[in-house]
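Visitor: Here's a structure for you.
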Amino acid sequence: MYCQACRAKNPDDEEYCRRCHQKLMILSGPLASEEGLEDLEEDFSFDEHLLERISILEEALKRTTETVQQLLNVVSKQQESLALTEAGVATARELLERHEVVEEEAWEATWRRHRSIRLLAIEKRDHFQHYRARIRSLHRGGEPERFDDLLDLTEQAFAAMDLERAIDALELAFELDPSNHEMAHFLGETLFNAGRAAEGLTYFEQLLALEPDHYEGLVYAGVIQHEEGDREVADRHLRRAEELYPDAFLPHFSLGAVCAARGDAREAAQHLRRAVAIDAAPQALFLLGRSYQELGEVGRAIRELEAAVEKSPDLEEGFYQLGLAYLDRRWNRKALEAFRQAHELNPQKFHYRELVRYLADSGDSPLPKVPETIAGALARGEEALAHDEPEEAYRQFREALRAAPDHPTLLTYYALTCLALDRTQEIEETVKRIAAAEPGEMLLATAYAIWIEALRSAGRFEEGHQVGHQLLDIVDGNVSRTIAYYEMAWSLAEMDGDLDEALGLARRALEISPEELRQFPLAALGWVHYKRQEFPQAVDYLDRANRLGTSSSTLTQLGMALLASGEEEEARSVLDRARTLRAHGSGVEFKMMECLRDSRRMYDRLTEQSDRRA
């Protein structure tokens, strides 16, 4: 076979010319004589061929340059268009604020919320697009046209930020094709990330029935089974994942968390060391440091915990555990500073859930009864809150609000859930809706207290103080005024404002508080005295508050006051008790679930593993 470009002779089974590397083509026509071809081959100049190829490349480069220039022109025009749009939006905002139609804080909060929603929608849409082709290629069920329609509906729902509609469409599609393991995987992961882990487990179990060694199936199922209490099955799944994927982060990390949860610190440290060697994630460093501390290896614990808080400066439980480790070394100043940072990241929270229950049981001012149509959703939401599952509670309350959008009891529980999820802007809107319903003084005071706490958690102490003044203007009862005074005192103390005024407000709250709420103004008095560096008084009031109602936050503050007073041993005892009462967010299971919900990290890990295997 002769090359049509350089006329070189090649074997018949060659695909590319041995001389010029052009693809060989078979041409029909009369055959030339061997002698003629040999003459052509002898006359062929390789230099001429190279010059021809260079000319072709130059032409291609020229066309590419022209295309890039056109793209740059388009980008420049888009930039100008965006600048004009931004100027228009800025003008509208300035005029609205100047005429006091909107407030700057409200604008900023709403903008951040919409930005987050849009970014999340893009991520979900892109994630589904990555899976869709694989899901479609595996389709072996019936009704292919309906299957495609449901996939289209899912994509539209993700683009419209309607997660529930997307999940419903996916579940219908899976019913048409129950052997589609990619569909089972995506459904399980979506439900898990939506806070519905138990429902997601059903799909991960089906995934493992179809693909017994599926990486995500083993890890997700193992973690959820551990969360559900089936430790034996969880251990089996995670060990299998570790055996099959020894270079992956999540199996080692999850097994370490499981061992730490059951009190086996030594084995936990072994798994967590392997996880940290692969990826020094803050959660893994935190659990490894805690395991070292339980093993009595304080130096190694401090090293890992310091690395954890350096990587994640908002890791409140990391600072808290580091404070305990410093205490073991008797580094009291460092310990107090670590506890201070932990406290600033997780300021004292009023026990709003208990207050809502108190109001519900009160004969004087019970919560308005909910209609039967939403009673089930309200009960499910309350149960989710009790199990520290705010995402599920939020979903249930949102569903109930569609049927009863202005019911004050439902709105109050919804505000509680928004507080747990740091949805400050929604809380403000919800409290205004509660006030418009004229629900009664005590419920109104509770709603305002939730609003103030949300502002304080966001660092907006001055605004919280002003909302407390608003509450005093509209309430007269002792319970309501106790809440208002307490909140105002706490806000002033947290922003290091007028501590004399804060002390007076806390004392007024204590003077008029009913027995059921007495622990809260006592705790506020103790914390104000701590801020004033009056440590004996701080210890006295915080101890009295703790006797009336023990909580991890009050114990932490009491431990800090004892430590500042020089009572090191008693401080350590109190702080250890506080650790046992820490909220769900500091538990090892939560750290495991938190890491697993980072779907981007899991996707990156899988991509890296696939590349290595390839």
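The values are calculated or read from the model by the stated rules, or taken from the named source; none is laboratory data. This structure is a prediction, so every number in the text was calculated from the model and none was measured. Glycine gets a Cβ as well: all are built from the backbone with ideal geometry, and neighbour counts include every protein chain shown.
This table checks each residue for (1) over 23 Å from the mean Cα position of the chain (by Cα); (2) over 22 Å from GLU399 (Cβ atoms).
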site: SER137; (1), (2): yes, yes
site: ASP177; (1), (2): yes, yes
site: HIS185; (1), (2): no, yes
site: ARG196; (1), (2): no, no
site: THR202; (1), (2): no, no
site: GLY217; (1), (2): no, yes
site: HIS226; (1), (2): no, yes
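Visitor: Among ALA338, ALA280, ALA307, which is the only one that is at pLDDT 85 or above, within 27 Å of the chain's Cα centre (by Cα) and not in a helix (DSSP H, G or I)?
Guide: ALA280
Visitor: Would you tally the residues in the range 5-35 being modelled with pLDDT of 70 or more, charged (D, E, K, R) and outside any loop (DSSP other than H, G, I, E, B)?
Guide: Of the residues in the range 5-35, 2 are modelled with pLDDT of 70 or more, charged (D, E, K, R) and outside any loop (DSSP other than H, G, I, E, B).
Here is a yes/no grid of residues against (1) of a type in the set (S, T, N, Q); (2) at pLDDT 80 or above:
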site	(1), (2)
ARG63	no, yes
THR67	yes, yes
VAL74	no, yes
LYS77	no, yes
GLU86	no, no
VAL89	no, no
LEU95	no, no
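Visitor: ARG290 - would you say it is of a type in the set (Lys, Arg) and within 24 Å of LEU575 (Cα to Cα)? Let's see the steps before the verdict.
Guide: Numbers: of a type in the set (Lys, Arg): yes; within 24 Å of LEU575 (Cα to Cα): yes.
Against the criterion (of a type in the set (Lys, Arg) and within 24 Å of LEU575 (Cα to Cα)), ARG290 qualifies.
Visitor: Now a separate question. Listed residues ARG423, ARG456; which is among the basic types (Lys, Arg), within 23 Å of LEU517 (Cα to Cα) and at pLDDT below 85?
Guide: On the way: ARG423 fails: within 23 Å of LEU517 (Cα to Cα).
None of the other options fit; the residue is ARG456.
Visitor: Can you name the residue in the range 370-426 that is part of a loop (DSSP other than H, G, I, E, B) and touching a Pro at 6+ places or on another chain (Cβ under 9 Å) and, of all such residues, is nearest to GLU227 (Cα to Cα)?
Guide: LEU421
Visitor: From the residues in the range 294-347 that are of a type in the set (S, T, N, Q) and under 21 Å from GLY256 (Cβ atoms), which one is surrounded by the most Cβ atoms within 10 Å (Cβ to Cβ)?
Guide: GLN321
Visitor: Got a sec? Which helices (runs of 4 or more DSSP H) wholly within the range 127-195 have at least 1 residues that are over 28 Å from GLU391 (Cα atoms) and in the same structural domain as GLU211 (by TED's automatic domain parsing)?
Guide: 144-159, 163-176
Visitor: Any chance the range 253-271 includes a residue that's within 22 Å of the chain's Cα centre (by Cα) and outside any helix (DSSP H, G or I)?
Guide: No, because not a single residue in the range 253-271 is within 22 Å of the chain's Cα centre (by Cα) and outside any helix (DSSP H, G or I).
Visitor: In addition: What is the one condition in (1) modelled with pLDDT of 85 or more; (2) at positive phi; (3) of a type in the set (Gly, Ala, Ser) that GLY195 does not satisfy?
Guide: That leaves (1) as the condition not met.
Visitor: Quick test for you: out of GLY497, GLY464, GLY459, pick the one residue that is buried (at least 23 other Cβ atoms within 10 Å of the Cβ) and either farther than 17 Å from LEU416 by Cα or free of Cβ contacts under 8 Å to residues at least 40 places away in the same chain (or both).
Guide: Result: GLY464 is the single residue among GLY497, GLY464, GLY459 that is buried (at least 23 other Cβ atoms within 10 Å of the Cβ) and either farther than 17 Å from LEU416 by Cα or free of Cβ contacts under 8 Å to residues at least 40 places away in the same chain (or both).
Visitor: From ALA221, ALA209, ALA184, ALA241, grab the single residue that is out of contact with any helix residue (DSSP H, G or I) (no Cβ under 7 Å at 6 or more places or on another chain), aliphatic (A, V, I, L, M) and at pLDDT 85 or above.
Guide: Numbers: ALA221 fails: out of contact with any helix residue (DSSP H, G or I) (no Cβ under 7 Å at 6 or more places or on another chain); ALA184 fails: out of contact with any helix residue (DSSP H, G or I) (no Cβ under 7 Å at 6 or more places or on another chain); ALA241 fails: out of contact with any helix residue (DSSP H, G or I) (no Cβ under 7 Å at 6 or more places or on another chain).
The unique qualifying residue is ALA209.
Visitor: Filter the range 544-580 down to the residues that are among the acidic types (Asp, Glu) and either more than 23 Å from ARG333 (Cβ to Cβ) or touching a residue at least 40 places away in the same chain (Cβ under 8 Å) (or both) and list them by number.
Guide: Hits for the range 544-580 are GLU568, ASP576.
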